[in-house]
Structure formats: C-alpha cells, structure tokens
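The values are calculated or read from the model by the stated rules, or taken from the named source; none is laboratory data. What you see is a predicted model; the values in this text were computed from it and never measured. Heads up, the Cβs are rebuilt from the backbone with ideal geometry, glycines too, and the neighbour counts pull from every protein chain shown. With ligands, DNA and RNA removed, areas are computed over all heavy atoms of the protein, side chains included. Shrake-Rupley method; radii C 1.70, N 1.55, O 1.52, S 1.80 Å.
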Amino acid sequence: MTDASTARFPAASLALAMVIAGTVGAFATESGLHPVAVVFWRCVFGAIFLFLWCLLRGYLPDRTLSPSRLALAALAGVCMVLSWTAFFAGFAMTSIATTTIIYHIQPFFVVLIGVVFLKERISLDQLLWMLGAFLGVVLASGLVFAHGHDDANWRRALR
C-alpha cells in the first residue's frame, strides 16, 4: 500500500524524517533526564502515535497475533530499548556528533554478521554502497581533518 502524499513528495517526507531524527539528540540532552527516562517517554509517545497511525491507516491485524510472533516482537522491543538507552547514555560521555556516528556504524556489523554466520553474499553494488556509507561516516567523524587544515569554527561547533 502506497501513501499518495509520500509518493508525490518523497523529498519532503525524507526532509521531515531527518528533521525529526536530527533533533532527537538535542531534546535528549536538553531535557536533563536520565537516558532510561528519555527512552521510556520515547516509547510511550512512539507507541501512542504508532497505534493511532496504524488505526487510521487500517494497518492493524484483523486476527490476534500468535504467541511466537508476540515473543519475537517483545524481544525486538527489548533490543530497541537497550539500543536507544545506550545511544542516549553516550551523549553524557561524548558529543552528540560522536555518539551518533558510532551508533550508525551498527549496520556495517549487521551485514558482516550476516556474511559470517548466515553465509549471505554481498553483491558488488551492495559493497560499493557500503563503502560509500562508510566513507561518509569517516568524513563525518572529523578523522580526515585530524592531520590537515581544519576550521576553528568547525571544531567549536562539534564540541
């Protein structure tokens, strides 16, 4: 099922998603709450909005979920809560930028785990996209400027 508004304006949808995602660190830091509290409220509001969205769009299942699917959903939820708690706790230990960069290296490990343990194959196209993404992480980390010329204003902005 395709949403007409996102099909017509995908860049606007992406921009809105990035604005929301890009402000998470600032709100978490400025709230002064413990990371567990930030994650708790994130889950509460996320569950409310997700339920309303699914209800309005008709995405809720007509039949009850099986116990095995509920258990998998609960396990996935626990993993997400632990991941977000570690993410928000990282803000107190380093900058938002550094924490975010480290957090976004996770997909590389997921792909590597798939290759090693599930014997998945990576196509040349996928490998090139991963290398491009990793290059982006390296450039965003500031490692490139560590030995060369860098702007003092940029360093102040990262602190």
Quick test for you: out of Leu55, Leu60, pick the one residue that is assigned to a loop (DSSP other than H, G, I, E, B), of a type outside the set (S, T, N, Q) and open to solvent by 60 Å² or more (accessible area, probe 1.4 Å). Leu60
Ser83 - would you say it is touching a helix residue (DSSP H, G or I) at 6+ places or on another chain (Cβ under 9 Å), open to solvent by less than 50 Å² (accessible area, probe 1.4 Å) and in contact (Cβ under 8 Å) with a residue 40 or more places away in the chain? no
Of the residues that sit in region 15-34 and are open to solvent by 50 Å² or more (accessible area, probe 1.4 Å), touching a helix residue (DSSP H, G or I) at 6+ places or on another chain (Cβ under 9 Å) and of a type outside the set (Gly, Ala, Ser), which one is nearest to Ser95 (Cα to Cα)? Thr29
By my count, helices (runs of 4 or more DSSP H) wholly in region 94-144 with at least 3 residues that are under 18 Å from the mean Cα position of the chain (by Cα) and modelled with pLDDT under 80 are 96-103, 124-141
From the option list Ser68, Ser13, single residue qualifying as assigned to a helix (DSSP H, G or I) and modelled with pLDDT of 85 or more is Ser68
Condition first: polar (S, T, N, Q) and open to solvent by 40 Å² or more (accessible area, probe 1.4 Å). Now tell me which residues in region 87-96 satisfy that. Thr94
Being at pLDDT 90 or above, among the hydrophobic types (A, V, I, L, M, F, W, C) and under 23 Å from Thr99 (Cβ atoms): is that true of Ala26 here? no
Six or more apart or on different chains, Cβ under 7 Å: which pairs go from a residue in region 26-55 that's hydrophobic (A, V, I, L, M, F, W, C) to one that's modelled with pLDDT under 90 and loosely packed, with under 11 Cβ neighbours inside 10 Å? Could you list them? Cys54/Leu60
Is region 64-72 home to any residue that is open to solvent by less than 100 Å² (accessible area, probe 1.4 Å) and of a type in the set (Lys, Arg)? no
Given the conditions (1) open to solvent by 60 Å² or more (accessible area, probe 1.4 Å); (2) among the small types (Gly, Ala, Ser); (3) within 19 Å of Met80 (Cα to Cα), report the number of the one that Ala37 does not fulfil. (1)
Can you tell me which residue in region 97-113 is surrounded by the most Cβ atoms within 10 Å (Cβ to Cβ), limited to those that are of a type in the set (Val, Ile, Thr) and closer than 14 Å to Gly22 by Cα? Thr99
Assess whether Phe9 counts as being surrounded by 12 or more Cβ atoms within 10 Å (Cβ to Cβ) and within 26 Å of Val110 (Cα to Cα). no
